[in-house]
Ligand SMILES: Cc1cc2nc3c(=O)[nH]c(=O)nc-3n(C[C@H](O)[C@H](O)[C@H](O)COP(=O)(O)O)c2cc1C
Ligand code: SF4
Ligand code: FES
């Protein structure tokens, strides 16, 4: 079976899990991205067909929301909050330092992504790695979090 | 066999962001190797974030706290037999009597941080479900009356009276109505919605069911931002827990009424916190703002009457029904009734959640509860009400937290976020950020916002570079006027608030000649 038909079948299955309701499009896009790491272009016509929408509609939605990416990320993602409460705690300086030398995980450079508020505004600067919130973020604890996720993945794969 | 020692450790994601999970693990290991029988209960957070991870034990019916605990001091805690309330440098005494908590008025957050958020029996023991059981015996009209009487206003930003909104929805005849909980919590400096969803999710669900009873809606949706994966997990389990015992479904609490709840994830768009944009998003579309009227209470989700309320608004409802409208409205000042969970954030020593009746001053919040700046440097600016809220100066701290007092001061209370900056802040940079944020998060539907914000950011950048300052300040002021008057929603309409307040109150940061003289008349 080739990769493309796999992807098509999987996309259909994710739609049907939501009863192919067009209002569930954003949920389905989240599901696809959780599995594939991004929204592969080939899924757009499949989504359109399954949910009875136009391709333009689906593409319009996928591109409107910041969460959805149209290509795989170049490395593990570090979400760094750049909201006002974190600015007051120096997130701009931290961002510069991270841009200059991004922390690595398994020798792969992380990708620093800007977000606005992670709901950790009393413990800024705030960051998030694999859904794990980091308070009083600095280069060290961000690196630690990246390494921990890498280990978790490895353990998961082994057993 | 003796009962195990009970140890409470938060599982709130912010507490975990500073090591609560690791501390819990090490406590379990230490107990095991010392042969001490302990039972760990994971709770939400009490909201004293500077004390997190805050570990609590029960002694003589009181909860004693230790914090902030790190994995490194667990061994010492065991040496001092903390599980029996032993003396230790980290002991903060009886938690309820600690100055940060003793003066709070916790109505909405009464259980948060105290109980296991998914323990329905504990919820009931601590006053949960009383409101729902009461509402089950009341007519829709009577519930709405109670809500109007309570004076509760929307906590999502606009402060619209909740009861009036509910009355409008009740008056619509329709085959279907919806209750939408706005859990998008996009405002920087706010985290109360997250805390309640992680720490007392049943309160939100109970509030939504009561809203359903009051308006005739049988279906609820929670629009939860994707930045809150822990809240999503807990809310999902909380909904299941209610379904399992028939508190969601048909004939709830023998009322003959039905209600169900569905969770929907946001996708990283700030504008989707705006109610009509949220409705578009819930319909699976781009989050473009709708023209009002019609208001959602008349024509909302899929064109049906829809109540959109903030998480805190809905979570305040069970108390009102359980204790009565008067008990709630006895708190507060003027037309701001009840309590507000204020959130102390940014450069603040003791950051966290302070639930207090309206009327408390900004100074009390920042100085008495918050202990001043984190860095110890002088406070220079405070932004209240999220990224669209005004900047206030150190001279304005005596302002009472009250919707009307804030409007009179050219500011807004919003969702109750208080972000503190010390004297290292560059207010021109903050103003530029406000415009940049608006440009990035604009839904693009109207020109004053879409184009205005981009031009605004460019103009402030020029001012910061010292280019034609006077001319560019004049241009910026004009732009702000156009955005205020011509924007379809408050995104473009209120962005000028932080920008102009920064410009007017901190002109020296824009290098405006004679600024200091003008600033102090
Ligand atoms: C740009 C923008 C963002 C908003 N974000 C939120 C939000 O994150 N959460 C929220 O409850 N209300 C938000 N609101 C306010 C909602 O439009 C709406 O007034 C509110 O959800 C109504 O509930 P309430 O009456 O209980 O406050 C936002 C408004 C605007 C203009
Ligand atoms: S003001 Fe901005 S966010 Fe609001 S409708 Fe217009 S373009 Fe969209
Ligand atoms: S502003 Fe950074 S976490 Fe809220």
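Order these peptides, B:345-352, B:465-472, A:132-139, B:194-201, by their mean beta-carbon neighbour count within 10 angstrom, highest first.
Working: B:345-352: 27.2, B:465-472: 12.9, A:132-139: 20.8, B:194-201: 28.8.
Final packing ranking: B:194-201, B:345-352, A:132-139, B:465-472.
Express in nm, to one decimal, how much length is gained between residue B:404 and residue B:71 on full extension, taking 0.36 nm for each residue of separation and deducting their alpha carbon distance. List each step's numbers first, then the result.
Values: separation 333, 0.36 × 333 = 119.88 nm, distance 4.66 nm.
So the extension gain works out to 115.2 nm.
Ranked by Cβ crowding within 10 angstrom, fewest neighbours first, how are B:138, B:427, A:128 ordered?
Taking fewest neighbouring Cβ atoms as first place, the list is B:138, B:427, A:128.
From other protein chains only, count the Cβ atoms within 10 Å of every residue's Cβ in A:85-98, then give the mean.
Values: counts 19, 5, 11, 19, 11, 3, 0, 2, 0, 0, 0, 0, 0, 0.
Across the residues of A:85-98, the mean count of other-chain Cβ atoms within 10 Å is 5.
Which number comes out as Rg/Rh for the stretch B:107-250 once both Rg and the Kirkwood Rh are worked out on C-alpha atoms? Please list the in-between numbers first.
Working: Rg = 15.0 Å, Rh = 15.9 Å.
So for the stretch B:107-250, dividing Rg by the Kirkwood Rh gives 0.94.
Length gain on complete extension for the stretch residue B:283 to residue B:326, per 0.36 nm per residue less the alpha carbon to alpha carbon distance?
Numbers: separation 43, 0.36 × 43 = 15.48 nm, distance 3.81 nm.
Length gained, residue B:283 through residue B:326: 11.7 nm.
Need one number: nm distance between label points at residue B:393 and residue B:302, each 7 Å from Cα along Cα→Cβ, rounded to one decimal.
For residue B:393 paired with residue B:302, the spin-label model returns 5.4 nm.
Given a Förster radius of 35 Å and the C-beta distance between residue B:240 and residue A:109 as r, what FRET efficiency does 1/(1 + (r/R0)^6) yield to the nearest 0.05? Show your work: numbers first, answer last.
Working: r = 40 Å, r/R0 = 1.14.
With R0 = 35 Å, the Cβ-Cβ based efficiency is 0.30.
Going by C-beta contacts inside 10 Å, put B:402, A:144 in order with the fewest on the left. Walk me through the intermediate numbers first.
Values: B:402 20, A:144 14.
The order, fewest Cβ neighbours first, is A:144, B:402.
Sort B:180-187, A:36-43, B:222-229 by packing, meaning the average of other beta carbons within 10 Å per residue, with the highest value first. Intermediate values should be presented prior to the final figure.
Working: B:180-187: 27.9, A:36-43: 16.5, B:222-229: 23.6.
Packing order, densest peptide first, comes out as B:180-187, B:222-229, A:36-43.
Across every pair of different alpha-carbon atoms, what Kirkwood hydrodynamic radius in Å does the stretch B:5-102 reach? Write down the numbers at each step before the final one.
Numbers: mean 1/r = 0.0765 Å⁻¹.
Every distinct Cα pair counted, the radius reaches 13.1 Å.
If I take R0 = 30 Å and measure r between the Cβ atoms of residue A:56 and residue A:2 in this structure, what FRET efficiency does the formula 1/(1 + (r/R0)^6) give, to the nearest 0.05? Provide the component values of the computation, followed by the final result.
Details: r = 27 Å, r/R0 = 0.90.
Working from the Cβ atoms, E equals 0.65.
Residue A:20 label point, 7 Å along Cα→Cβ, cut-off 20 Å on backbone N: hits in the stretch B:281-298?
Taking a point 7 Å out along Cα→Cβ of residue A:20, the residues of the stretch B:281-298 whose backbone N falls under 20 Å are B:283-285.
How crowded by other chains is B:220-227, given as the mean number of beta carbons from other chains within 10 Å of each beta carbon?
On the way: counts 0, 1, 0, 0, 0, 4, 7, 13.
The mean count of partner-chain Cβ atoms within 10 Å per residue comes to 3.
Starting with the fewest neighbours, write out B:166, B:50 ranked by other beta-carbon atoms found within 10 Å of each beta-carbon. If you can, show how the numbers build up before the last one.
On the way: B:166 26, B:50 20.
Ascending Cβ contact count within 10 Å gives the list B:50, B:166.
For chain B, go through all pairs of different Cα atoms, get the mean of 1/r, take its inverse, and jot down that Kirkwood value in Å. The partial results should precede the final answer.
On the way: mean 1/r = 0.0415 Å⁻¹.
The answer is 24.1 Å.
Give me the extension gain from residue B:60 to residue B:368: residue separation times 0.36 nm, minus the current Cα-Cα distance, reported in nm with one decimal. Please report the intermediate quantities before stating the final value.
Values: separation 308, 0.36 × 308 = 110.88 nm, distance 2.94 nm.
Taking residue B:60 through residue B:368 to full extension adds about 107.9 nm, to one decimal.
For every helix of n ≥ 4 consecutive DSSP H residues, a contribution of -39,500 (n - 2.57) applies; sum these over chain B, divide by its total residues, and give [θ] at 222 nm rounded to the nearest 500 deg cm²/dmol. Please list the in-between numbers first.
Values: 21 runs with 205 residues, N = 521.
About -11500 deg cm²/dmol.
Across the residues of B:248-256, average count of Cβ atoms on other protein chains within 10 Å?
Numbers: counts 0, 0, 0, 0, 0, 0, 0, 0, 0.
For peptide B:248-256, the averaged partner shielding equals 0.
Taking every DSSP beta bridge with both residues inside the stretch B:120-329, roughly what % is antiparallel (nearest 5)?
Numbers: 2 of 19 bridges.
Roughly 10 percent of the DSSP beta bridges within the stretch B:120-329 come out antiparallel.
Please report the antiparallel percentage of the DSSP beta bridges confined to chain B, to the nearest 5. Spell out each step's value before the answer.
Working: 30 of 57 bridges.
Around 55 percent antiparallel, to the nearest 5.
Computed from the coordinates by the stated procedures, all read-outs in this text should not be read as laboratory data. In this text, all values refer to a predicted model and were calculated from it rather than measured experimentally. Cβ: placed from backbone, ideal geometry, glycine included. Neighbour counts: every protein chain shown.
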